[in-house]
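Student: Mind looking over this structure? Questions follow.
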């Protein structure tokens with residue numbers, strides 16, 4: 001069955017994949033779904049995570065055959081080359097990537113048999129390395145220098161089309177202003193607490209802790225607004241946002257409580 005491709009800016013490709021432990025019908029279904037998806041999109045190679053299966057599986061087309069590499073491990077490499085690469089995750093993006101020329105690989109087939117292969121063809125070698133990148137939660141942009149990566153990301157931010165609706169999640173969020181101001185207030189509260197402990201005059205303004213609470217309330221509502229606007233980011237923002245609010249509110253309450261003792 002044809003599956004939907006994971007395409008930038010979807011962050012699921014950055015999930016580190018796990019080894020296949022059971023060589024059963026479920027595995028066969030995953031492999032067939034990968035092949036069907038490759039045929040549908042005319043792809044020469046595919047990692048399982050590119051269709052949201054977090055397994056260490058790569059399939060590479062060899063003529064009319066779809067070669068399956070399950071739990072592949074790179075055990076040797078030699079030579080250096082630079083290859084202009086593309087990938088389905090970054091549509092319309094081409095990047096020159098440093099790669100090894102030859103590889104030594106061990107892997108398993110769908111029956112669980114352990115096999116090994118020497119890859120000396122440079123095209124196949126670069127393809128295999130690009131697919132291996134996905135298995136470890138990365139992409140070929142993790143293999144290039146900082147400037148090349150920044151230029152590629154700038155190009156992607158201009159041209160990306162998110163089919164799930166909503167705008168592209170920004171690199172910087174305005175909700176970070178709430179966090180920045182809150183942290184400054186907490187620093188002031190911390191300094192005042194130290195002064196109080198040292199038997200100085202109580203110098204903690206009464207409005208600081210209520211200000212922290214108000215900023216965290218503002219942070220919460222802006223984060224909710226942003227999660228709806230940038231829907232592709234909402235799944236990873238919720239836990240982070242709760243953590244931000246809880247940590248700062250608790251710290252503010254502790255500092256406030258300590259000062260009440262003086």
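Student: With respect to the numbered conditions (1) farther than 30 Å from residue 251 by Cα; (2) at pLDDT 85 or above; (3) surrounded by 12 or more Cβ atoms within 10 Å (Cβ to Cβ), which one is the sole condition not fulfilled by residue 118?
Tutor: Evaluating residue 118 over (1) farther than 30 Å from residue 251 by Cα; (2) at pLDDT 85 or above; (3) surrounded by 12 or more Cβ atoms within 10 Å (Cβ to Cβ) leaves (3) as the failure.
Student: With the checklist (1) at pLDDT below 95; (2) surrounded by 14 or more Cβ atoms within 10 Å (Cβ to Cβ); (3) more than 19 Å from residue 126 (Cα to Cα) in hand, flag the one item residue 13 doesn't pass.
Tutor: (3)
Student: Could you tell me which numbered condition residue 131 fails, if it satisfies all but one of (1) in contact with a strand residue (DSSP E or B) (Cβ under 7 Å, 6 or more places away or on another chain); (2) loosely packed, with under 15 Cβ neighbours inside 10 Å?
Tutor: Every listed condition holds for residue 131 apart from (2).
Student: Oh, and also: Within segment 29-140, considering only strands (runs of 3 or more DSSP E) that don't extend past its boundaries, which have at least 2 residues that are touching a residue at least 40 places away in the same chain (Cβ under 8 Å)? First the steps, then the outcome.
Tutor: Numbers: elements: 45-47, 57-62, 65-87, 90-108, 114-119.
Passing ranges, in order: 45-47, 57-62, 65-87, 90-108.
Student: Return a yes/no flag: does segment 9-23 have any residue that is farther than 15 Å from residue 108 by Cα and part of a strand (DSSP E or B). Spell out how you get there, then give the answer.
Tutor: Step one: list which residues in segment 9-23 are farther than 15 Å from residue 108 by Cα, which gives 9-17.
Keeping just the survivors that are part of a strand (DSSP E or B) gives none.
Scanning segment 9-23 turns up no residue that is farther than 15 Å from residue 108 by Cα and part of a strand (DSSP E or B).
The values are calculated or read from the model by the stated rules, or taken from the named source; none is laboratory data. Being a predicted model, the structure only gives us computed values, none of them experimental. Backbone-built Cβ (ideal geometry, glycine too); neighbour counts: all protein chains shown.
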